[in-house]
């Protein structure tokens, strides 16, 4: 094993963290705050926009949960057992919980209020996570 192997692993963790975060946070925000309002403004029928949102939000929430799981693994790799006490670990746990609640509320309960609340919680938890530094940037 060469001396550059740990450096390559750290760099790949940075890239994976940034890519996962960009994809799921950007996708959730784009869907809810850009795409669906644009479709409404374009003049599509409100029922059609609701159907598109009802189909896309669970998919985006599932994708966010998978990406947050990857980020939690990177956080655990960088911080060790204290990842849970870190604010990024707590926000990632909140994202996983809200993604799970959204999937349960939208697929099995058909509860519009809890489904929308959990999706918005997921969006704003992603925004808080974007404001945090990467786990490898921490001064510990």
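Values quoted throughout were computed directly from the atomic coordinates according to the rules given, and no laboratory measurement underlies them. As the structure is a prediction and not an experimental result, all values here were calculated from the model. Every residue, glycine as well, gets a Cβ built from its backbone with ideal geometry; the counts of neighbours run over all protein chains shown.
Arrange 116, 30 by Cβ neighbour counts within 10 Å, fewest through most, would you?
30, 116
Give the order of 33, 124, 119 when sorted by the count of other beta carbons within 10 angstrom, beginning with the fewest.
Final ranking by Cβ density, sparse to dense: 33, 124, 119.
Give me the distance between the Cα centres of segment 52-103 and segment 107-126, rounded to whole Å.
14 Å
Taking neighbour counts of Cβ atoms within 10 Å as a proxy for exposure, in what order, fewest first, do 55, 127 appear?
Ordered from fewest to most neighbouring Cβ atoms within 10 Å, 55, 127 come out as 55, 127.
Using 0.36 nm times the number of residues separating residue 97 and residue 66, minus their current alpha carbon distance, what extension gain do you get?
Once the chain is fully extended between residue 97 and residue 66, it gains 10.0 nm.
Report the residue, chosen from 82, 57, 14, that carries the largest GNM mean-square fluctuation when the chain is represented by alpha-carbon nodes joined by springs under 10 Å.
82
Under a GNM of the chain (C-alpha, springs under 10 Å), which listed residue has the highest mean-square fluctuation: 111, 64, 99?
Fluctuation is largest for 111.
Pick from 45, 20, 78: which is most flexible by mean-square fluctuation in a GNM of the chain where alpha carbon atoms under 10 Å apart are linked?
The residue with the greatest mean-square fluctuation here is 45.
Quick check: residue separation of residue 108 and residue 16 times 0.36 nm, minus the Cα distance between them. What number comes out in nm?
Here the answer is 29.9 nm.
Calculate the radius of gyration of the Cα atoms of the chain to one decimal place, then report Dmax, the largest Cα-Cα distance, as a whole number, both in Å.
Rg then Dmax for the chain, in Å: 17.2, 60.
Kindly express, to the nearest 10 degrees and within the range 0 to 90, the angle between helix 87-103's C-alpha long axis and the longest C-alpha principal axis of the chain.
Helix 87-103 sits at roughly 30 degrees to that axis.
Would you mind checking the tilt of helix 4-29 against the longest principal axis of the Cα atoms of the chain, expressed as 0 to 90 degrees and rounded to 10?
10 degrees
Given a cut-off of under 8 Å on Cα pairs at least six residues apart, what relative contact order in percent is computed for the chain?
27 percent
Using a basic spin-label model with each label point 7 Å from the Cα along Cα→Cβ, how many nm lie between residue 134 and residue 41?
Spacing of the two 7 Å Cα→Cβ label points: 3.4 nm.
Under the rule of -39500 (n - 2.57) per DSSP H run of 4 or more residues, summed and divided by the residues of the chain, what mean residue ellipticity at 222 nm is obtained, to the nearest 500 deg cm²/dmol?
-25500 deg cm²/dmol
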